[in-house]
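The values are calculated or read from the model by the stated rules, or taken from the named source; none is laboratory data. Only a predicted model underlies this, so the values are computations on that prediction, with no experimental measurement involved. No Cβ is skipped: glycine too gets one built from the backbone with ideal geometry, and neighbour counts run over all protein chains shown. Areas reflect the complete protein model, heavy atoms only, side chains present, ligands, DNA and RNA absent. Shrake-Rupley method; radii C 1.70, N 1.55, O 1.52, S 1.80 Å.
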Amino acid sequence: MDSLGIILSWLDPPPIVTGPDGVLWAELQLMLGPECVTTHQKRDLPLSVGSHEAVRGTLTGLVDWLVDHWVALSCETFAPAKRPAGWAGGAVFPTTQDAWEDYARWTADPDAVAQIATWHERHLFGNLSSNLALPSLVLVPEPPYFLIEVDDLPLQGDPSVEFHAARPSAPPWPWLASLSWAQVTATLEQFVSDCLARGRDAGGEHRWADWVEGRFRQARLAAADPAQRLQGQFGPVVSAHLAQLPPASAAREAAEGVFRDTAPGDTAATARTTQDWIDTVVADTSASPARWLLPDLPYDLAQAPFEQGYLLARHVRERLRQPDRPLDLDHLLFELDVEPRREAATAAIETAVVGVPRRRACLLSNTASTERRLQRWHGRRFAEAAALGRLLAAAGGDGGTAVGAAQGPHTLPVAGRRARAFAAELLLPSSVARGYAPTDDLQTLCAEYGISQLAAQWHILNVAAAA
Amino acid sequence: MEKPKRQIRCKCYHRPVRSLPAGSLRGSEDSKSRCPVWAASPEVQAALLAEAIPIPEAGLDSHGHERKLVNAVNGVYFLEVSTNEAAPAYNCYCARPPETLRAALEQKAGRALDDLTTS
């Protein structure tokens, strides 16, 4: 996993800047792994002219923003709304560009706009607090990852600076970097501490430093409080629902997994309906070898999510001794002790899985979903394969606790990417995808392997890029 | 005792450099602003600050002054954030109003500039 780097260089402030703002005048450089995301230059100049890696200004606003939103940054894992459809190559979270456009790509409902904007305040780095020029940086935790999505500034704002990737080999923006949650949290804490020390030692701003430190202590206590964490992860309605379930029960463990991937704005009635389904699975007492519980996961969390998905799918195919043949998904589910249930469920769910140790797991495929891709056989098969990936990844290497997950538009980004890569590789193994030539008949290949042409095309491209 | 008068710390790079209706990011390489040009007027700034509404949940700054204030005029909403100085002073940003104060601010936002400075 990549790490976050914050490089500070304290400067003398301009004469008009006084108080804490002046004491914390600095150059700031942000690194996501090897990529410097504060690299910028004056707009409208060639890339080779006048590029700077650090932005300059007071850091008080960033400190203030971090302290104000520490609880959200620690545990608020959900995106503010259903991700827009047809989003390939787009940002996973709302960007500064979306804010300029009043989140038009996300919603047309004014109430939902306000909700997204409030979420954005909590997750857009330095929003409404910092005078530093920064690219669009959205920070969202997904333990054990910390996601930071980088994008350029919108041209509508007539920015005088242009941020750009520093290295030719850098990933294109918008770029969702998955970093280590523990490392990012520790780095941000250290950043606040460094600024407080600067305020005290260099500027005599003891009063300000003490005030910020007190607030930061409160924020960290709140972020460690189980009730606040529950609310941060699930929103008020679902957290109230979960709080009624017995702690450490299978129903609670499975429900936390499923609800983490569904809408935070679920109504109490929707939450209850979802819980009813979970309860029926948990209540099934028939013993089973539970072969869906893989003793060891074949990947490392430091690997990219798509690589994790590929390795998991290959591992499953090796267990079946079917490295590259077309797959009967129902047979695979049977072999893994997973019962498919294709039935109507609440709109919050497209597909979901629940597994309880020593029991059969259950894969719910919502036949009432209005998603167009789920109306097609290939689309449903892909969604069910992805849900199976969620089950195997959630349960892998453990065995003591119940697991649950849902695959759909609210799915956690890294887990979702891993699951989609798993599905693509499970249905169309890389060994087959690599052998495909543009002159070959894609339609026949897709019909044989039970995958849509669109998914197959993406997979063939991704496999070629990863080679 | 009369409360000390609030001041605005409008940074040089927040001041308008050209006549864009919605303001622009400034040319002073590392800073930004979306302030409209008319917000540079000292009368407008003084009036905006004097009758700004504190955001209750933001609390007080390190000197006990209101930490965040909001106001609106001419369709633009302003968020004023304390700079933590002994005398109350505030940075100012154009911002979406907090939901809790939206109703009160919508009325203010409907005013023309003249309504603000002559009231």
Counted residues, segment A:13-35 - those being more than 10 Å from A:Gly57 (Cα to Cα) and open to solvent by 50 Å² or more (accessible area, probe 1.4 Å): 4
Which listed residue, of B:Glu57, B:Glu2, B:Glu51, is more than 9 Å from chain A (Cβ to nearest Cβ), modelled with pLDDT of 90 or more and open to solvent by 10 Å² or more (accessible area, probe 1.4 Å): B:Glu51
Qualifying residues in segment A:3-12 (those that are under 30 Å from A:Gln308 (Cα atoms) and surrounded by fewer than 18 Cβ atoms within 10 Å (Cβ to Cβ)) - the one farthest from the chain's Cα centre (by Cα): A:Ile6
Residue check for B:Gly75: closer than 21 Å to A:Val67 by Cα and surrounded by fewer than 17 Cβ atoms within 10 Å (Cβ to Cβ): no
Hits in segment A:52-79 - residues which are outside any strand (DSSP E or B) and in contact with a strand residue (DSSP E or B) (Cβ under 8 Å, 6 or more places away or on another chain): A:Glu53, A:Ala54, A:Leu59, A:Gly61, A:Leu62, A:Asp64, A:Leu73, A:Ser74, A:Cys75, A:Glu76, A:Thr77, A:Ala79
Pairs where the first residue, in segment B:78-98, is without any contact (Cβ under 8 Å) to a residue 60 or more places away in the chain and the second is among the small types (Gly, Ala, Ser) and open to solvent by less than 10 Å² (accessible area, probe 1.4 Å), C-beta under 6 Å, 6+ apart: B:Arg96/A:Ala117
In segment A:283-314, the residues that are among the aliphatic types (A, V, I, L, M), at pLDDT 95 or above and touching a helix residue (DSSP H, G or I) at 6+ places or on another chain (Cβ under 8 Å): A:Leu312, A:Ala313
Residue within segment A:101-113 that is open to solvent by less than 20 Å² (accessible area, probe 1.4 Å) and closer than 30 Å to A:Leu301 by Cβ present: no
Qualifying positions in segment A:199-224 - away from chain B (no Cβ under 14 Å) and either crowded, with 17+ Cβ neighbours inside 10 Å or within 23 Å of the chain's Cα centre (by Cα) (or both): A:Arg220, A:Ala223, A:Ala224
Pairs where the first residue, in segment A:104-128, is closer than 26 Å to A:Leu4 by Cβ and the second is assigned to a helix (DSSP H, G or I) and among the polar types (S, T, N, Q), C-beta under 9 Å, 6+ apart: A:His120/A:Thr96; A:Leu124/A:Thr96; A:Asn127/A:Thr96
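For (1) touching a residue at least 60 places away in the same chain (Cβ under 8 Å); (2) touching a His at 6+ places or on another chain (Cβ under 6 Å); (3) under 30 Å from A:Pro171 (Cα atoms); (4) surrounded by 24 or more Cβ atoms within 10 Å (Cβ to Cβ), each residue gets a yes or a no:
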{"residue": "A:His315", "(1), (2), (3), (4)": "no, no, yes, no"}
{"residue": "A:Leu329", "(1), (2), (3), (4)": "yes, no, no, no"}
{"residue": "A:Pro340", "(1), (2), (3), (4)": "no, no, no, no"}
{"residue": "A:Glu343", "(1), (2), (3), (4)": "no, no, no, no"}
{"residue": "A:Thr346", "(1), (2), (3), (4)": "yes, no, no, no"}
{"residue": "A:Phe382", "(1), (2), (3), (4)": "yes, no, yes, yes"}
{"residue": "A:Ala386", "(1), (2), (3), (4)": "no, no, yes, yes"}
Evaluation of A:Ala290 against (1) surrounded by 14 or more Cβ atoms within 10 Å (Cβ to Cβ); (2) part of a helix (DSSP H, G or I) (one fails), failing number: (2)
Residues of segment B:42-75 classified as over 24 Å from A:Arg215 (Cβ atoms), in contact with a strand residue (DSSP E or B) (Cβ under 6 Å, 6 or more places away or on another chain) and part of a strand (DSSP E or B), total: 1
In segment A:126-159, residue nearest to A:Cys36 (Cα to Cα) [restricted to those that are assigned to a loop (DSSP other than H, G, I, E, B) and charged (D, E, K, R)]: A:Asp152
Scan of segment A:225-253 for residues that are without any contact (Cβ under 8 Å) to a residue 24 or more places away in the chain, open to solvent by less than 80 Å² (accessible area, probe 1.4 Å) and touching a Ser or Thr at 6+ places or on another chain (Cβ under 9 Å), ordered by number: A:Ala227, A:Leu230
Top-ranked residue of segment A:132-164 - restricted to ones that are open to solvent by less than 10 Å² (accessible area, probe 1.4 Å) and farther than 30 Å from A:Ala302 by Cβ, ranked as farthest from the other protein chains (Cβ to nearest Cβ): A:Pro154
